[in-house]
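Input: a single structure, listed below in structure tokens.
The values are calculated or read from the model by the stated rules, or taken from the named source; none is laboratory data. Everything numeric here is computed off the predicted structure, so don't read it as measured data. With ideal geometry, Cβ positions are generated from the backbone for all residues, glycine too; neighbour counts draw on all protein chains shown. All accessible areas refer to the heavy atoms of the entire protein, side chains included, with ligands and DNA or RNA removed. Shrake-Rupley method; radii C 1.70, N 1.55, O 1.52, S 1.80 Å.
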Amino acid sequence: MTTDGTARRASTVMHVRCPDRLLEETYREVLEVLSGLSPVVQALPPTAALVELKGAMRYHGTNARHLGEILRVRTLSRLGVDVRIGIGPSITVATTASAQVPQPGGVLAVGPGEVSTWLGPLPVEALHGIGPRQAAVLTDYGIHNVGLLAAVPSATVQRLLGGRAGRTAADRARGIDPRPVVPRALPATAAIRHRFPRQTLDGADARAALLEMVVRLGLLLRRRDQAARALTLTLMFAGGGRWEKTRRLPEPSAHDDDLRLIAYQLMDAAGLQRGRLIALVLKGEDLLDSDQVAEQISLDGTREARLVAEAAIDRVRARFGPRIIGPATVFRRAS
């Protein structure tokens with residue numbers, strides 16, 4: 001289905017579904033590709049997004065379906081990521097449409113004049129916003145598809161599902177959804193990953209790996225002239241289990257000593273007595289530019305000396321490579 005000329009005069013929304021378990025860095029790259037099509041992009045982490053196409057169609061001189069096809073080609077060619085794309089005159093229609101696209105990817109566009117015809121035959125549970133419990137209640141009363149739900153008086157649906165939920169469901173079944181796409185980007189982050197060559201129970205090995213990650217994260221932040229307000233540590237275990245915890249720094253920082261202290265606190269909080277580790281992820285969260293970090297007057301001579309040494313080490317790394325110098329524990333582990 002394609003949009004017709006009236007779609008250019010009304011809101012036209014694209015809903016994009018990325019593959020499950022997509023890495024956050026790749027998801028961010030998908031969002032960057034989306035921003036190349038339209039300035040109005042709403043991130044829906046962890047793997048989806050909304051895009052307002054009204055202005056984009058005028059700017060690119062094409063229709064919504066073609067923009068969806070362009071997006072799919074770009075994500076495949078640049079990132080190796082296929083996406084499922086739904087397009088419609090509202091968030092409800094676009095999101096419902098993207099869920100109907102079979103994996104691994106494709107584009108389904110529903111024009112404004114096609115909404116009732118397209119939504120009608122769908123089972124009620126396929127309508128965006130209808131949860132399993134609501135679908136079960138509706139089905140018990142013989143309301144099996146969206147067309148039947150649209151035909152039932154709104155007051156009746158409210159009695160079945162509750163006031164607000166029923167009113168929303170009745171409106172959406174008729175294609176009514178006034179919500180706008182609200183531009184929203186992901187908070188700035190920086191992530192470092194380490195995968196162990198084999199499963200490990202050794203706490204010393206895990207801590208040495210974490211120290212190496214701290215050094216890499218600090219260097220990355222300083223090169224980007226950023227500082228982290230918080231750190232998140234994720235531990236991945238054999239069998240698919242995972243543990244994750246976030247802790248805020250006392251002050252925003254990109255210095256190894258500050259990051260190491262919080263990272264070790266997070267590792268201690270995890271407790272590894274029974275876990276066979278396969279990977280670690282250390283992420284700097286809630287980043288801000290370094291020039292926004294207030295200079296703290298320090299009377300700690302040892303800390304000041306370490307910061308001077310850190311700056312000198314960064315210059316050495318910039319000239320000879322990031323692994324030319326670092327903590328002895330990391331080098332002993334690598335040897």
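Points to keep in mind about this one:
- Top positive-direction residue, dipole computed over the chain with Cβ charges, set 287, 43, 259: 43
- Environment charge at residue 194 (Cβ cut-off 10 Å; Lys +1, Arg +1, Asp -1, Glu -1): +2
- Its residue count N sets the reference 2.2 N^0.38 Å, and the alpha-carbon radius of gyration of the chain equals 1.26 times that reference.
- Gaussian network model of the chain, springs between alpha carbon atoms under 10 Å - residue of 325, 130, 192 with greatest fluctuation: 325
- Taking one quarter of the surface of the C-alpha convex hull of region 1-122 gives a mean projected area of 6.7 nm².
- Spin-label pair residue 320-residue 141: with each label point 7 Å from Cα along the Cα-Cβ axis, the two points sit 7.5 nm from one another.
- Unit charges on C-beta of K, R, D, E only; dipole of region 38-133, Debye: 220
- Each Lys and Arg contributes +1 and each Asp and Glu -1, all at the Cβ; summed about the Cα centre of the chain, the dipole is approximately 500 debye.
- Calculated on the Cα set of region 144-199, radius of gyration then Dmax: 21.5, 61 Å.
- Angle between the chain longest axis and helix 301-320 axis [Cα atoms, degrees, rounded to 10]: 70
- Accessible carbon and sulfur surface of region 10-152 relative to its total accessible area, %, 1.4 Å: 54
- Net charge contributed by nearby residues that have their C-beta within less than 11 Å of residue 289 (K/R +1, D/E -1): -1
- Electrostatic bookkeeping for residue 23 treats Lys and Arg as +1 and Asp and Glu as -1; over the other residues with beta carbon under 10 Å from its beta carbon, the sum is 0.
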